[in-house]
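So the structure is just underneath, and the comments pick up after that.
The values are calculated or read from the model by the stated rules, or taken from the named source; none is laboratory data. Model, not experiment: these values are computed from the prediction. Quick reminder, even Gly has a Cβ in these numbers, built from the backbone with ideal geometry, and neighbours come from all protein chains shown. What goes into the accessible areas is simple: the full protein's heavy atoms, side chains included, and nothing from ligands, DNA or RNA. Shrake-Rupley method; radii C 1.70, N 1.55, O 1.52, S 1.80 Å.
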Amino acid sequence: MKFITVLITVFFLPGMLTLANAAPSQNAFDQVVQPYVGHHAFNGVVLVAKQGKIVMAKGYGSAQMSWNIANTAHTKFALASLSKPFTAHLIMQLVQAGRLKLSDTIDRYLPYLPKENASRITIDSLLGHRSGLPRQFAIEGWSQGKFDRLRDKKAYAIEIGKLTLMAPPGEQYSYTNLGYFLLGLVVEQVTELRFEQALKHYIFDPLGMSQTGTISNEGIIPELAQGYQFAPEGGYRRSSYRNMNLFWAAADLYASAGDLLKFDQALYSNKLLDKKHRRLLLSPESRYSWQLEPWTLPGIDVAKNTINWGGELPGISSFMVRFIDDNNTVIILSNDGLNEIEKRRLARQLASVLYDEDYKLTQLPLSLLLSKALYEGHLIRTIEQIKKDAQHYLVDKSIAQMGLQQMWDGDIHHAVAILALNVDLFPQSAAAYEHLSQALETSGSLQAALKSKQQ
């Protein structure tokens, strides 16, 4: 299968934002993205905005490989967990309107949940991932596909309510989709609207987000990019099926890059939330599915304050970072599953161009070489070559992330090879041995897994 890279000119959103003055050329940003595209590490859309104005918006590769339909700046992408900031925002709008309180326990809105947990879990703890709920893998039957066709959200919520909490609510941060699933039900109870309708009424329509909505198992969404993963034999395959009913308010939105910029800009204004409630939503203490952290950029002396969040599902990846002191934004939407470390690195490099047009990529990330090898079907041979000259590449945690991603995608043979290379590159890392042992155990090599754990 031949992968065709299509370069698209800047797409201007009607009636919205114009190209910024005194900004780097689109070509300067493109030079940063091209190594990722050329090595089959990135397929999707990039948008960069300076003070709310688009300076770069471009599609790369295919939205639908079967029909050779190009990604463009207005292609829609599944957002995965980048959906959570929208759910959090909607909850905060209801708090602002006096229709619920952050201190409310969820038994008030979801009386069918087991009382023992529901009477202790608050709206605040669900928003901030401090409810004590585990991740969805703890639900009996999840890994065996018991819920793959489930449509009854109430029945799924009851299963969530039965789970043993990992810690008392409010005490410990532990990221989980399950809390945001329950928040979707709270929204429906308070607004007397379907969650999808509530999002449209409270956020999408007021902001003119006409290219944003929710994904259903059966729905047909025009211009939605198909997700792709590396196939074990080389090339790509369509991403595996996932029951979006189970992700729902935690991860079932789609949007174009331009619509995400509209949401980003609303977070600087009182259009949807007043200053008090925006501060609550975006405070570093709340952690309501936003991460606040200073970013050190290549070639830039002073760290920049950022608010960022992203999401991943098989074959899908999203990321948005907001440089809040300067009102600058980088948005990355991928339909080939760009991993967390790769997309953060790419976002940093794009931001470096925004702040310093002379920035250039000085060292090729080793992970890009591995991506190309996976696509071309000669990973093992490439790994042997890498062992001789790894010092010529940028080597970081993205190697481990790639190996784990291949394991989650079911390509155990290549997962073991990548994670073994990671051990060679980071022989003092306990995490490297632990990741390799996980892959070996999954492959059935129990003795080798035990040996790796004992390193």
Discussion item. I need the full set of residues from the stretch 309-343 which are open to solvent by 10 Å² or more (accessible area, probe 1.4 Å) and either without any contact (Cβ under 8 Å) to a residue 12 or more places away in the chain or among the acidic types (Asp, Glu) (or both), in order please.
Written reply: GLU312, ASP325, ASP326, ASP336, GLU340
Worksheet item: Does the stretch 183-199 contain any residue that is touching a Gly at 6+ places or on another chain (Cβ under 6 Å), over 14 Å from GLY128 (Cα atoms) and open to solvent by 30 Å² or more (accessible area, probe 1.4 Å)?
Response: no
Worksheet item: Here are some conditions: (1) aliphatic (A, V, I, L, M); (2) at pLDDT below 95; (3) buried (at least 18 other Cβ atoms within 10 Å of the Cβ). ALA351 meets all but one. Which one does it not meet?
Response: (2)
Discussion item. Looking only at the stretch 126-158, filter to residues that are among the aromatic types (Phe, Trp, Tyr) and open to solvent by less than 40 Å² (accessible area, probe 1.4 Å); which one of those is modelled with the highest pLDDT?
Written reply: TYR156
Worksheet item: For residues in the stretch 65-105 being assigned to a strand (DSSP E or B) and of a type in the set (A, V, I, L, M), which is most open to solvent (accessible area, probe 1.4 Å)?
Response: ILE69
Discussion item. Would you confirm, using the coordinates I've provided, whether GLU218 is within 30 Å of TRP142 (Cα to Cα) and modelled with pLDDT under 95?
Written reply: yes
Discussion item. List pairs: first residue in the stretch 127-151 and closer than 12 Å to LEU178 by Cα, second residue modelled with pLDDT under 90 and part of a loop (DSSP other than H, G, I, E, B) anywhere in the structure, Cβ distance under 8 angstrom, at least six positions apart or on different chains.
Written reply: GLN136/TRP142; PHE137/SER143; ILE139/PHE147
Fill in: Whichever residue in the stretch 362-395 is of a type in the set (Asp, Glu) and more than 18 Å from TYR36 (Cα to Cα) and, among such residues, is least open to solvent (accessible area, probe 1.4 Å)
ASP389
Worksheet item: Taking the stretch 106-117, which residues are surrounded by 19 or more Cβ atoms within 10 Å (Cβ to Cβ) and outside any loop (DSSP other than H, G, I, E, B)?
Response: ILE106, ASN117
Discussion item. Exactly one of these conditions fails for ILE160: (1) assigned to a loop (DSSP other than H, G, I, E, B); (2) farther than 28 Å from SER269 by Cα; (3) in contact with a helix residue (DSSP H, G or I) (Cβ under 6 Å, 6 or more places away or on another chain). Give me its number.
Written reply: (1)
Worksheet item: Counting only residues that are at positive phi, surrounded by fewer than 20 Cβ atoms within 10 Å (Cβ to Cβ) and not charged (D, E, K, R), how many does the stretch 222-281 have?
Response: 2
Practice prompt. Could you look through the stretch 39-64, keep only residues that are open to solvent by 10 Å² or more (accessible area, probe 1.4 Å) and without any contact (Cβ under 8 Å) to a residue 60 or more places away in the chain, and pick out the one that is farthest from the chain's Cα centre (by Cα)?
Written response: LYS53
